[in-house]
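**Student:** One structure is given below, represented as structure tokens, and several questions about it will come after.
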Amino acid sequence: MKYFNSINETLDFAIEQEQIAVDFYSKLAKNAKSNDLKQIFLDFVKEEMGHKIKLQNIKKEGVFNNENPKEVLDLKISDYLVSVKSSSDMSYQDTLIIAMKREKAAYKLYNNLAAMAPNEELKSIFKNLAFEEANHKLQFETEYDEHILKDN
């Protein structure tokens, strides 16, 4: 795990990770084989951009809206799936697997950043972002359960 020397350095890292997610979901939307799937990924682009903007505002203004995240259901579907490589001709199933695994990694990242946070305010920011990433993972797991597992 990377260690940070300042709150701004930590926030810059988180902002960079959100941009990587924006780029990833934008690419998936561009390559989506159906309009429904394209819209799902475009919605995730908006959410990840929202995270990035939230982090940029926190860095700029030094304040944030403290929300108390609740527990998120974990279907653990991604725990039992083999990783797949991203490609322009991925199946819907492979796309969902990659998305689940990325959201799980983002959740872990923000929980780790929360654990390393030098103050309660920053810890709360990262806990909230972890909560949002857990919700994204749940959305993909639910989609996988309803459209992939149900058909098998």
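The values are calculated or read from the model by the stated rules, or taken from the named source; none is laboratory data. All values derive from a computational prediction rather than experimental measurement. In this analysis, Cβ positions are derived from the backbone assuming ideal geometry, glycine residues included, and neighbour counts consider all displayed protein chains.
**Student:** So if I check each of Q17, Q93, which one is in a helix (DSSP H, G or I), within 22 Å of Y144 (Cβ to Cβ) and polar (S, T, N, Q)? Show your work before the answer.
**Tutor:** On the way: Q17 fails: within 22 Å of Y144 (Cβ to Cβ).
So the residue among Q17, Q93 that is in a helix (DSSP H, G or I), within 22 Å of Y144 (Cβ to Cβ) and polar (S, T, N, Q) is Q93.
**Student:** Out of the residues in segment 24-53 that are exposed (fewer than 15 other Cβ atoms within 10 Å of the Cβ) and under 18 Å from L129 (Cα atoms), state the one that is farthest from the chain's Cα centre (by Cα). Before the answer, list the steps.
**Tutor:** Of all residues in segment 24-53, those exposed (fewer than 15 other Cβ atoms within 10 Å of the Cβ) come to 27, 30, 33-36, 39, 43, 46, 50, 53.
If we keep only those that are under 18 Å from L129 (Cα atoms) as well, we get 43, 46, 50, 53.
Details: D43: 12, K46: 12, G50: 11, I53: 14 Å.
If we take residues in segment 24-53 being exposed (fewer than 15 other Cβ atoms within 10 Å of the Cβ) and under 18 Å from L129 (Cα atoms), then I53 is farthest from the chain's Cα centre (by Cα).
**Student:** If you check K46 against the conditions, is it closer than 20 Å to Q139 by Cα and without any contact (Cβ under 8 Å) to a residue 12 or more places away in the chain? Don't jump to the end; show me each part of the working.
**Tutor:** Details: closer than 20 Å to Q139 by Cα: yes; without any contact (Cβ under 8 Å) to a residue 12 or more places away in the chain: yes.
For K46, the condition - closer than 20 Å to Q139 by Cα and without any contact (Cβ under 8 Å) to a residue 12 or more places away in the chain - is met.
**Student:** How many residues are within 20 Å of K52 (Cα to Cα) and in contact with a helix residue (DSSP H, G or I) (Cβ under 8 Å, 6 or more places away or on another chain) if we restrict to segment 125-140?
**Tutor:** 10
Yes or no, residue by residue, for (1) among the hydrophobic types (A, V, I, L, M, F, W, C); (2) part of a helix (DSSP H, G or I); (3) modelled with pLDDT under 90:
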| site | (1), (2), (3) |
| --- | --- |
| Y25 | no, yes, no |
| L42 | yes, yes, no |
| H51 | no, yes, yes |
| L73 | yes, no, yes |
| D89 | no, no, yes |
| A106 | yes, yes, no |
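**Student:** Restricting to segment 4-23, and then to whatever is at pLDDT 90 or above and farther than 17 Å from K127 by Cα, can you tell me which residue is surrounded by the most Cβ atoms within 10 Å (Cβ to Cβ)? So that I can check it myself, show each step before the final result.
**Tutor:** Filtering segment 4-23 for residues at pLDDT 90 or above gives 12, 15-23.
Next, only the ones that are farther than 17 Å from K127 by Cα stay: 16, 19-23.
On the way: E16: 12, Q19: 14, I20: 14, A21: 24, V22: 19, D23: 12.
The residue in question is A21.
**Student:** Also, I was wondering about something else. Return the residue satisfying two criteria in turn: it lies in segment 104-152 and is among the small types (G, A, S) and within 12 Å of the chain's Cα centre (by Cα), and of such residues it is surrounded by the most Cβ atoms within 10 Å (Cβ to Cβ).
**Tutor:** Going residue by residue through segment 104-152, those that are among the small types (G, A, S) are 105-106, 114-115, 117, 124, 130, 134.
Okay, now just the ones that are also within 12 Å of the chain's Cα centre (by Cα), so 105-106, 130, 134.
Numbers: A105: 15, A106: 24, A130: 21, A134: 22.
My answer is A106.
**Student:** State which residue pairs qualify: first residue exposed (fewer than 10 other Cβ atoms within 10 Å of the Cβ) and inside segment 74-91, second residue modelled with pLDDT of 75 or more and among the polar types (S, T, N, Q) in any location, beta carbons under 7 Å apart, and separation of 6 or more residues or different chains.
**Tutor:** S88/N31
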